[in-house]
Amino acid sequence: ILGRDADAVRVIAATLKDRASEVDAAFARVAVYPAFRAMDAAMFIDLYARLPQEIRSQEAMKDLLWQAGRSIVLTGEGLDDQQREKLVSLMRTNIRDTLLAEDARVLAPVMKRLYGPLAVESMMGELMARAKDDETRQRLSEALKGL
């Protein structure tokens, strides 16, 4: 089905609908890419969430999540509340080390809206501890003040 994303997405959707309990990490790992390219937010989130953390923690997979999730989480288009919260949780646990401040700046307002200011402060505190340099800490601090 390589190069036939529309066909792949139809098969993936049918599988998720009819045999969801049988969808494992191996299936999700292959299926997440056509879902990403088709810009099917709900399908992408479902598949990404099925990946084991050791795969989700790979930088390329984090980039995929953030590329897909950035606009989705800001607009919320095409997601119900449960899917939006799942996406925010996935993004929160897969913030990229190389883009701590940038990812935090995107996620903080959404987290504040969904969970309140204490959730944002907690996230920022964790990210400050992870930051490897003063410049990143300063940008995180500025992002927190901007809320």
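The values are calculated or read from the model by the stated rules, or taken from the named source; none is laboratory data. Being a predicted model, the structure only gives us computed values, none of them experimental. Here the Cβ positions follow ideal geometry from the backbone for every residue, glycine too, while neighbour counts run over all protein chains shown. All accessible areas refer to the heavy atoms of the entire protein, side chains included, with ligands and DNA or RNA removed. Shrake-Rupley method; radii C 1.70, N 1.55, O 1.52, S 1.80 Å.
Working out 0.36 nm times the residue gap between ARG4 and GLN82, then minus their Cα-Cα distance, what length gain in nm do you get to one decimal? Walk me through the numbers on the way to the answer.
Details: separation 78, 0.36 × 78 = 28.08 nm, distance 2.98 nm.
Using 0.36 nm per residue and subtracting the Cα-Cα distance, I get 25.1 nm.
Pairs LYS86/LYS112; LYS62/LYS86; LYS62/LYS145: which exceed 19 Å Cα-Cα? Those over the limit are LYS62/LYS145. Using the Cβ-Cβ distance between ASP134 and ARG96 with R0 set to 22 Å, the FRET efficiency works out to roughly 0.70. In order along segment 87-96, the Karplus-derived 3J(HN,Hα) couplings, from 6.51 cos²θ - 1.76 cosθ + 1.60 at θ = phi - 60°, round to 4, 4, 4, 4, 5, 4, 8, 10, 5, 7 Hz, and Gly and Pro are given as x.
Comparing mean-square fluctuations of ALA38, ALA68, ALA20 from a GNM of the chain with C-alpha springs under 10 Å, the top value falls on ALA20. Per residue, the solvent-accessible area of the chain (1.4 Å probe, heavy atoms of protein chains only, all protein chains present) comes to 56 Å².
Taken along the Cα-to-beta-carbon direction at a fixed 7 Å, the label points for THR75 and ARG113 span 1.3 nm.
Please report, as a whole percent, how much of the solvent-accessible surface of the chain comes from carbon and sulfur atoms (probe radius 1.4 Å).
Details: 4320 of 8180 Å².
With neighbouring chains kept in place, the figure for the chain is 53 percent.
Length gained on full extension, GLN67 to ARG29: 12.0 nm, using 0.36 nm per residue less the C-alpha separation.
Stretched out straight at 0.36 nm per residue, the stretch from ALA20 to GLN58 would grow longer than its current Cα-Cα span by 11.2 nm.
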